[in-house]
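Here's the structure we're looking at; comments come further down.
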């Protein structure tokens, strides 16, 4: 254990000499600083991260725990991506006040609109707590000698991490403290945050600008998307976090980013600071195969079919389009990501490259008997465990995409089934809030058609699987009713279910007195299945068909999850060992931890790229947007309002024009290392000035979550001058321009 801790300290202190890497700001030493300085950084490590004073980290925020953002004014103004603010913009939109379609610019503080559920977190400091976690786990193993250290004890590990969080929270009562695992469980750090929950929409462009290119251009380059939205952080009169109140005031920011209008050229220093979500750069070749062939394939197939149904309804009804806009965007984003990842993994021979690394590791530990004793069975156990569960993990992927993420009304049954049998008025009010949030963005007609399509598709996808090729092993029990009562006709089943269920709208709570919720609480309950089934039938006691459907899905999920867990501990322990082996074998080489939505810095420079025979420039000019807009009759994703087209045609770019060509640059490329969660991350020049917002990666390197390809992998950002041009010239939001000191 001491050897591992020393190794982690060594790894965290090493400097990077490559553009690859998502580096912790609190672990940048002088060597690393020298490398970045050589590329053009003019800030010291203390100016990047200073837990006891002002530093660059203080202007970067975790935006709603799924994106990043940056404070750009002393009055708490926050820039993030349009797609990061999309769900909030959608919540505030109605067919009568369609700000999602038309855009929005608040003319005063009073007009800024609070977004329910939105929040930002400022990182206060990050501290290592590996020793605390490891010591506590060792004590547990001492008290329970029957436990196998090879079987990672997730239940106790979670409780230990929670206990450490409580210790830090007790010492820092005004901070949100979060312990996370790094380096595949070989190190642990606690991050302390200040959280603000009163977030208000200030400015958003039209949907055509904020999502220009849509699915057609998503993950592609060149891009012309003006992917930004503007929010403001509000606090109480003393600057402390507070729930929404009309008495709250704009936050007096501790630190804010200065915006640069000077532009940049290829080779100029660029760094992206934000909250990358998840990468698997240390994953074994067996794990990559499972990801590509067992998980991604289900996302590609099921979401593709679901989105076809949704889009048909959205195109026919603007009210439905508003309701489903955010859900569709979220679904399609990683649908296309999975397509691109599978393509890149195949074309770049990612699995073959990983297998070569694994052969090198075999040769390395084979030279030392002590290393062989530690790592010698690692790859054999990984191969066997991944092979054992491949079929079931593939089936679970299709199950999850179909029943848990595809057919929506199950969520209402799940909410109600989780409630006590006799809800008091407080619980009923809370339940009403939950259901109102669901129904606001729901249409049962869309869900009924989706159900029929996905139920048919699921059966086809698991056909021939199971013991002896019997797909019944992978079918929830509800298929027995579909076959016996509806002759296998899923349309008839869905039509009947939706005609009879009382859960299609909020009126189901009006029958709360008739709602009997008595699901069994676990193994050994003596009640019959009928007694355990909730009903909405009053004296008749008839079971609502959606509850019966929910119970079938729930029971099947429990069963298939157990089958997945059979090999999980073996896989996780040996993947943990593989990370150890990589770190120990290459002690002279810097290694960063996989992304885990903690604050990271990636650095490099502005750079173009060549894929095959095609060369791509590092920026897109204003004419490229007009050229695509001219094709809007054939490609819907290139639709653009005439007033915006006319504005660009005037070429009145003023101070937002690039000094080299007097044109408005729209989007640009750097070789910064990013992933999901980095959306909205500020992109800084060598002075620490804001030059853009990261919003995407490029198609040719969609395997980036698994491996970094320096020749191909690029970060796509929207040029901050394009953002400011629209705020100024289209939105006429002079007050925001002045607020940023421009």
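Overview of values
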item: Residue 643 vs. criteria loosely packed, with under 11 Cβ neighbours inside 10 Å and over 18 Å from residue 268 (Cβ atoms); result: yes
item: Number of the exception - residue 69 against (1) modelled with pLDDT under 95; (2) more than 22 Å from residue 182 (Cβ to Cβ); result: (1)
item: Scope segment 584-633; condition within 27 Å of the chain's Cα centre (by Cα), farther than 30 Å from residue 208 by Cβ and outside any strand (DSSP E or B); matching residues; result: 590, 591, 592, 593, 594, 595, 596, 597, 598, 599
item: Elements of type helices (runs of 4 or more DSSP H) in segment 374-469, at least 2 residues being within 27 Å of the chain's Cα centre (by Cα) and closer than 25 Å to residue 483 by Cβ; result: 378-399, 410-417, 444-462
item: Tally of residues being touching a helix residue (DSSP H, G or I) at 6+ places or on another chain (Cβ under 6 Å) and in contact (Cβ under 8 Å) with a residue 60 or more places away in the chain across segment 680-700; result: 5
item: Meets criteria (surrounded by 20 or more Cβ atoms within 10 Å (Cβ to Cβ), touching a helix residue (DSSP H, G or I) at 6+ places or on another chain (Cβ under 9 Å) and farther than 16 Å from residue 709 by Cα) for residue 599; result: yes
item: Filter result for residue 482 (at pLDDT 80 or above, part of a helix (DSSP H, G or I) and assigned by TED's automatic domain parsing to the domain that holds residue 322); result: yes
item: Test: residue 633 is surrounded by 21 or more Cβ atoms within 10 Å (Cβ to Cβ) and either farther than 16 Å from residue 270 by Cβ or touching a residue at least 40 places away in the same chain (Cβ under 8 Å) (or both); result: no
item: Which listed residue is outside the structural domain of residue 321 (by TED's automatic domain parsing), more than 20 Å from residue 599 (Cβ to Cβ) and either crowded, with 23+ Cβ neighbours inside 10 Å or in contact (Cβ under 8 Å) with a residue 40 or more places away in the chain (or both), from 92, 56; result: 92
item: Residue 202 vs. criteria at pLDDT 95 or above and within 30 Å of residue 606 (Cβ to Cβ); result: yes
item: Residue count, segment 501-520 (criterion: at pLDDT 85 or above, surrounded by 17 or more Cβ atoms within 10 Å (Cβ to Cβ) and in contact with a helix residue (DSSP H, G or I) (Cβ under 6 Å, 6 or more places away or on another chain)); result: 4
item: Failed criterion for residue 51 (all others in (1) at pLDDT 50 or above; (2) crowded, with 17+ Cβ neighbours inside 10 Å hold); result: (2)
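Matching residues to (1) under 20 Å from the mean Cα position of the chain (by Cα); (2) modelled with pLDDT under 95; (3) outside the structural domain of residue 334 (by TED's automatic domain parsing); (4) surrounded by fewer than 21 Cβ atoms within 10 Å (Cβ to Cβ):
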site	(1), (2), (3), (4)
266	no, no, yes, yes
276	yes, no, yes, no
309	no, no, no, yes
312	no, no, no, yes
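The values are calculated or read from the model by the stated rules, or taken from the named source; none is laboratory data. Just so it is clear, the structure is predicted and the values come from calculations on it, not from any experiment. Because the Cβ atoms are built from the backbone with ideal geometry, glycine has one as well, and the counts that use them run over all protein chains shown.
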